[in-house]
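Read the structure below first, then the notes.
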């Protein structure tokens, strides 16, 4: 678990400026046929991106895709502190905006695809319960019952924002026993049976196999998340990075996404 | 060795012929720089003007209070269990003692998050022991303040045990032997001779233990979860603040740092 260690803002700004200058220089060079592509992605994309990385490496021989997964907010903080990366895929548009305003997006790519990144997937919340549903959870309102121990995402992380939207829309007030640091931590607590229910993404339930059961609820679509992806200003392989985004937006990409429980725009 | 009780004289001597050799001084200075640099980063980045306002926020105050009280409770519990454990390791011989000593250092080696998972698997609602606690007493530990203390004891007690065991091994045993030949039983020897002799070691170990408990993050968030007022200690509050508002995270870190330094320096002065 990374202990917080923020850096001085001036240094970050300098680094961002230096990286911008670097990309400006490399724009005139020949596109690199091979190299390493570093992709930072929200934890909920773990399985999809791992599958697509194999496909990408087959299509671009000599290329290596390095994947790093964590909470979107943590990744955004890393990128804005100068972490070297080519592509960022976030679990919500707010976090992408933090990066667009901070370290910045690759200007040429952003001019073509939008200054806030390109939305490639959507995700909706589901109630996750341990196998057998011991607390007999039926819908969102069941979670408001004090005898049902519930784990939710902390409001500071994207899945927490989606949770707040869903409970507000349903007019339900849930008092959780814990506010977890990311959605997989909620899933773990449900799978271990430490809580009776948790709110996670449909994709997390698909990924958990039989470890948890999923329960849909009316209005869950209203609390959906848009997943944007963007090529970062710090990239030294802008063409390769753009190819990754294209693969994600292609039919191959949406096929893998749909299999994992995502919706596609 | 010369003039321990007269610092001015000692300083004079050192200036003339006792200058520290470069081979020790140079790495020591690099060491200081290495430890101080991240702290300097924190201090430079700090928005000092907002610190006063943060200190009055009820959430910050409750996290700070929770941190101080749980770390203190964890230290008390560690003293109660850890000092006898250190005595057992240092003063008795029994088969498997080496294995036991290795076991004591396990929490120092494993990542705290893994420690948290291990605590869930043993004391959680479906855990080895936790299952029975739930069935027999209706007692569930995870997501309670008690779980915060348990996570801290698990991670921090080894520091106390290792320190106290070292102090016990370094202590002069002739006094204990003399007391024993004069008819004192082992409990009396421990309470009247051993304990006072290693008190500074226990104090240092307790301070180390308290500091480690105060900074505990991984095992706490995994085993006790994160909820303001019950389980959200300062390190957890810092981590959560970092997700959205890095400046707030810096201020919270500094508050924790200053309070813990004040306590440690204050205690140090009393013991010296």
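Any read-out appearing in this document is the output of simple, stated calculations on the displayed coordinates, not a laboratory observation. Only a predicted model underlies this, so the values are computations on that prediction, with no experimental measurement involved. Cβ sites come from the backbone with ideal geometry, for glycine too, and all protein chains shown count toward neighbours.
Per residue of B:234-242, count partner chain C-beta atoms within 10 Å of its C-beta, then hand back the mean as an integer. Display every interim value, and only then the final one.
Details: counts 0, 3, 3, 0, 2, 8, 9, 2, 9.
Mean number of neighbouring Cβ atoms from other chains: 4.
Report, to the nearest 10°, how far helix A:238-249 tilts away from the longest principal axis of the Cα atoms in chain A, using its own Cα long axis and a range of 0 to 90°.
30 degrees
Roughly how far apart, in whole Å, are the Cα centres of region B:231-272 and region B:71-92?
25 Å
How large is the convex hull of the Cα atoms of region A:28-161 per residue, expressed in Å³ as a whole number? Can you show the working numbers first?
Working: hull volume 19.0 nm³, N = 134.
Hull volume over Cα atoms, normalised by residue count, gives 142 Å³.
What do you get when you divide the Cα radius of gyration of region B:197-241 by 2.2 N^0.38 Å, with N the number of residues? Numbers along the way, then the final one.
Numbers: Rg = 13.7 Å, N = 45, 2.2 N^0.38 = 9.3 Å.
The value comes to 1.47.
For n ≥ 4 DSSP H runs only, could you compute -39500 (n - 2.57) per run for chain A, divide by its residues and tell me the 222 nm figure to the nearest 500? Please list the in-between numbers first.
On the way: 10 runs with 106 residues, N = 265.
Helix-only estimate at 222 nm: -12000 deg cm²/dmol.
Output the 0 to 90 degree angle, nearest 10, between the alpha-carbon long axis of helix A:158-170 and the longest principal axis computed from the alpha carbons of chain A.
40 degrees
What residues of region B:151-182 lie in the reach of a label at residue B:97, counting those whose backbone N is under 14 Å from a point 7 Å from the Cα along Cα→Cβ?
B:165-166, B:168-170
What is the mean projected area of the alpha carbon convex hull for region A:113-265, to one decimal in square nanometres?
Working: hull surface 39.1 nm².
Averaging across all directions leaves 9.8 nm² for the Cα convex hull.
Taking one equal scatterer on every alpha-carbon of region A:176-265, how large is log10 of I(q)/I(0) by Debye at q = 0.12, 0.20, 0.21, 0.26 1/Å?
For the requested q values the scattering log ratios are -0.52, -1.02, -1.07, -1.30.
Within region A:164-206, list the residues whose amide N lies under 13 Å from a label point set 7 Å along Cα→Cβ of residue A:141.
Residues passing the 13 Å test: A:170-173.
For residue B:191 paired with residue B:65, estimate the spin-label separation in nm (one decimal), with each label point 7 Å from Cα along the Cα-to-Cβ line.
Computed distance between label sites residue B:191 and residue B:65 equals 3.7 nm.
Using a 10 Å cut-off around each Cβ of peptide A:177-183, what is the average number of partner chain Cβ atoms that fall inside? Don't skip to the end; give the middle numbers.
Details: counts 10, 10, 9, 5, 8, 1, 0.
That average works out to 6.
Can you give me the relative contact order of chain B as a percent, contacts being Cα pairs under 8 Å and 6 or more apart?
Answer for chain B is 28 percent.
If each residue's Cβ is checked for other Cβ atoms within 10 Å, how do B:87, B:65 rank with the fewest at the top?
On the way: B:87 19, B:65 13.
Taking fewest neighbouring Cβ atoms as first place, the list is B:65, B:87.
Of B:245, A:86, A:226, how do they rank once you tally other Cβ atoms within 10 Å and put the fewest first? Kindly include the intermediate steps, with their values, before the conclusion.
Numbers: B:245 13, A:86 24, A:226 18.
Lowest to highest Cβ neighbour count: B:245, A:226, A:86.
Determine the relative contact order of region B:184-272: mean sequence separation of Cα pairs under 8 Å and six or more apart, normalised by residue count, in whole percent.
Details: 35 pairs, mean separation 19.5, N = 89.
Contact order relative to length: 22 percent.
For chain A, report the convex hull volume of the alpha-carbon atoms normalised per residue, in Å³, without decimals.
Working: hull volume 32.7 nm³, N = 265.
Looking at chain A, the number lands at 123 Å³ per residue.
I'd like the distance between the alpha-carbon centres of region B:198-223 and region A:196-239, rounded to an integer number of Å.
Centre-to-centre distance over Cα atoms comes out at 38 Å.
On alpha carbon coordinates alone, what is the Rg over Rh value for the protein assembly as shown, Rh being the Kirkwood radius? Walk me through the intermediate numbers first.
On the way: Rg = 27.6 Å, Rh = 26.4 Å.
Rounded to two decimals, Rg/Rh equals 1.04.
Could you calculate the contour length gain from residue B:19 to residue B:131, that is, 0.36 nm times the residue separation minus the distance between their Cα atoms, to one decimal place in nm? Working shown, then result.
Details: separation 112, 0.36 × 112 = 40.32 nm, distance 6.24 nm.
My answer for the length gained is 34.1 nm.
Over the whole of B:215-225, what's the average partner chain Cβ count within 10 Å per residue? Rounded to a whole number, please. Don't skip to the answer; put the middle values down first.
Numbers: counts 1, 0, 4, 2, 1, 0, 6, 6, 1, 2, 11.
Per residue, the number of nearby Cβ atoms from other chains is 3 on average.
Treating only the Cα positions of region B:144-272 as identical point scatterers, give the base-10 log of I(q)/I(0) from the Debye formula at each q in 0.11, 0.13, 0.16, 0.20 Å⁻¹.
At q = 0.11, 0.13, 0.16, 0.20 Å⁻¹ the computed log10 ratios are -0.54, -0.68, -0.87, -1.10.
Between region A:243-265 and region B:155-194, how far is it from one alpha carbon centroid to the other, in angstrom?
Region A:243-265 and region B:155-194 have Cα centres spaced 67 Å from each other.
Can you give the calculated 222 nm mean residue ellipticity of chain B, where each DSSP H run of n ≥ 4 adds -39,500 (n - 2.57) and the sum is split over every residue, rounded to the nearest 500 deg cm²/dmol? Let's see the in-between values first.
Working: 14 runs with 195 residues, N = 272.
After summing the helix terms and dividing by residue count, I get -23000 deg cm²/dmol.
Taking the alpha carbon gyration tensor of chain B, what are the square roots of 5 times its eigenvalues, largest first, to the nearest whole Å? Kindly include the intermediate steps, with their values, before the conclusion.
Values: eigenvalues 248, 199, 53 Å².
They are 35, 32, 16 Å, listed from largest to smallest.
For chain A, what does the relative contact order come out to in percent, with C-alpha contacts under 8 Å and a separation of six or more?
Details: 512 pairs, mean separation 74.4, N = 265.
Relative contact order here is 28 percent.
Can you tell which of A:131, A:238, A:158 shows the greatest fluctuation in a Gaussian network model of chain A with Cα springs below 10 Å?
A:131
Can you tell me the alpha carbon radius of gyration of region B:98-219 divided by the globular rule-of-thumb value 2.2 N^0.38 Å?
Relative to the rule-of-thumb radius for its length, region B:98-219 sits at 1.35.
Could you pull the Rg and Dmax for region B:207-272, using just the Cα atoms, both in Å?
In order Rg, Dmax, the Cα atoms of region B:207-272 give 13.3, 43 Å.
Test of understanding: ordering B:188, B:144 by Cβ neighbours within 10 Å, fewest first, what list do you get? Present the calculation step by step, with values, prior to reporting the outcome.
Values: B:188 13, B:144 17.
In increasing order of surrounding Cβ atoms, one gets B:188, B:144.
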